[in-house]
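The structure appears below as structure tokens.
What follows draws every value from the coordinates through simple rules; no lab data is involved. Computed from a predicted model, the values in this text were never measured in an experiment. Ideal geometry is used to build each Cβ from the backbone, glycine not excepted, and the neighbour counts take in all protein chains shown.
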Amino acid sequence: MHRLAMVVAMFAMFDASANAQSEIGDTHEGREFARNVCIACHLVDKTETNDTDYEATAFQTIADNIAHTRLSLRVFLTTPHKDMPNLVLTDTQTDNIIAYILSLR
């Protein structure tokens, strides 16, 4: 019984943490940043169509993949990748982009 109580408590803490994190970042600012910077390689809006050859995954496709969490997106955005420009984002910019991507779900 003690283990069950611990498991329930762990899930409650995880749920509370997830709900608190869902409020991190400004989706409007994230969209504006994406429209100014990320759009060179990504489709960033739901309404855009792939009329040209974009080199990178559409933000909607990223959002639709449930494996992409706030944490996994943060790790991706703060880790250099050979196919991605070496953008140095502030914590606020990173939070805003993540909030925007997750808002597309």
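What is the local net charge at H28, summed over the other residues whose Cβ is closer than 15 Å to its Cβ (Lys, Arg +1; Asp, Glu -1)? Result for the local shell: -3.
Highest average first, the peptides 58-69, 30-41, 79-90 ordered by how many other beta carbon atoms sit within 10 Å of their residues are 30-41, 58-69, 79-90. What is the local net charge at D95, summed over the other residues whose Cβ is closer than 14 Å to its Cβ (Lys, Arg +1; Asp, Glu -1)? Taking every Cβ under 14 Å from that of D95, the sum is -2.
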